[in-house]
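The values are calculated or read from the model by the stated rules, or taken from the named source; none is laboratory data. These numbers were taken from a predicted model, which means no experiment stands behind them. Here the Cβ is made from the backbone with ideal geometry for all residues, glycine too, and neighbour counts use every protein chain on show. SASA here: full protein model, heavy atoms, side chains in, ligands and nucleic acids out. Shrake-Rupley method; radii C 1.70, N 1.55, O 1.52, S 1.80 Å.
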Amino acid sequence: RVVDRLMNWLYRKSAGIRVISPGVRESLIAKGVPSSKIVVIPNWVDTALTLPKEPDRAFLDDMGEPGSFRVVYTGNLGLAQGLETLLDAAQILKEDPRIQFYLFGAGVEAQQLQDLATRNGLANVRFMGSYPESEMSRVYSTADLLVLLLKDVPPFHITIPHKLYYYLASGKPIVGSICGDAANVILNAGAGIVCRPNNPSE
């Protein structure tokens, strides 16, 4: 309640409010903020650093399975992402050695996810650790498919993860296990397909 009162005071006093998605704009309008105060300015990436590239052969050698179809996730291995859905999808496909899953990043769920992959014998899943932003263009270059996941929770319906713009800048096809504004970005850009969150078969 205290935070709500503070935010409502800030909304009243602000001359203008920048939001990163249409859903956040609609949320503020529903709270009584005049629409004339609100402007949607999406996040952005430096396309001189992140751009479509030919696969980095040295990086492919480090990843192993250079002839496989590489499904790549990058970013936070956290609670919001619901990455067990990705491991469940890997479970469905684990008898097909042509398809390999690579998770780049770190987070509070990293150990639990690695333990789950080990328990289920997911030899088709590799945890690659974190890389600096300067190296991520090389990472994206190795992907045949990039995956974006968020749990099906109402606040995430109006969230657009910043990494989605990195994915778009890399020029690789995207599968979004998401709904809401982030799903619309993928579909409107013609950049991939979306499926329901928490649904590994899709």
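Work through the residues other than ASP4 whose Cβ is under 13 Å from its Cβ and net out their charges, Lys, Arg +1 and Asp, Glu -1.
Details: positive: ARG1, ARG5, ARG12, LYS31; negative: none.
Summing Lys and Arg as +1 and Asp and Glu as -1 gives +4.
For LYS53, go through the lysines and keep the ones whose alpha-carbon is under 20 Å away, minus same-chain ones fewer than eight residues off.
LYS163, LYS172
What lysines sit close enough to LYS31 to cross-link, taking a C-alpha to C-alpha distance under 20 Å and skipping anything fewer than 8 places away on the same chain?
Answer for LYS31, where 20 Å is the Cα cut-off: LYS13, listed by chain and number.
May I have the pair-distance distribution P(r) for the stretch 1-151, computed from all Cα-Cα distances with 5 Å bins from 0 and rounded to whole percent?
All Cα pairs, binned at 5 Å, distribute as 2, 8, 14, 15, 13, 11, 9, 9, 8, 5, 4, 0 percent.
Counting only heavy atoms of protein chains, what accessible area per residue, in Å², does the stretch 120-185 have with a probe of 1.4 Å?
On the way: 2460 Å² over 66 residues.
Heavy-atom accessible area per residue stands at 37 Å².
Can you give the calculated 222 nm mean residue ellipticity of the chain, where each DSSP H run of n ≥ 4 adds -39,500 (n - 2.57) and the sum is split over every residue, rounded to the nearest 500 deg cm²/dmol? Walk me through the numbers on the way to the answer.
Working: 9 runs with 74 residues, N = 202.
The helix-only estimate for the chain comes to -10000 deg cm²/dmol at 222 nm.
Between the stretch 96-144 and the stretch 156-191, how many Å separate their Cα centres?
Distance between centres, Cα-based: 19 Å.
When the accessible area of the chain is split by element with a 1.4 Å probe, what percent falls to carbon and sulfur?
Details: 6020 of 10770 Å².
On the chain, the fraction of accessible area on carbon and sulfur atoms equals 56 percent.
Residue separation times 0.36 nm, minus the C-alpha to C-alpha distance between ARG98 and ILE17: what's the value?
Values: separation 81, 0.36 × 81 = 29.16 nm, distance 4.81 nm.
Stretched out fully, the ARG98 to ILE17 stretch lengthens by 24.4 nm.
Tally Lys and Arg at +1 and Asp and Glu at -1 over the other residues with C-beta under 11 Å from the C-beta of PRO197: what net charge comes out?
Working: positive: LYS151, ARG196; negative: ASP152, GLU202.
With Lys, Arg at +1 and Asp, Glu at -1, the neighbours total 0.
Computed FRET efficiency, Cβ-Cβ of ASP46 and ARG138, R0 22 Å: what is it to the nearest 0.05? Display every interim value, and only then the final one.
Working: r = 15 Å, r/R0 = 0.69.
Rounded to the nearest 0.05, the efficiency is 0.90.
Give the residue from PRO22, SER35, PHE59 lying farthest towards the positive end of the charge dipole for the stretch 1-81; charges sit on Cβ (+1 for Lys and Arg, -1 for Asp and Glu) and the dipole is referred to the Cα centre.
SER35
For the stretch 20-172, what does the relative contact order come out to in percent, with C-alpha contacts under 8 Å and a separation of six or more? Please list the in-between numbers first.
On the way: 204 pairs, mean separation 53.6, N = 153.
Relative contact order, the stretch 20-172: 35 percent.
Let me spell out the model: positive unit charges on the Cβ of Lys and Arg, negative unit charges on the Cβ of Asp and Glu, origin at the Cα centre of the stretch 20-144. What dipole size does that give, in debye rounded to 20?
Numbers: 11 positive and 16 negative charges, 93 e Å.
Taking the Cα centre of the stretch 20-144 as origin, the dipole is about 440 debye.
Just order 174-180, 190-196 by mean Cβ neighbour count inside 10 Å, highest at the front, would you?
Working: 174-180: 22.7, 190-196: 15.1.
Highest-to-lowest ranking by the protection proxy: 174-180, 190-196.
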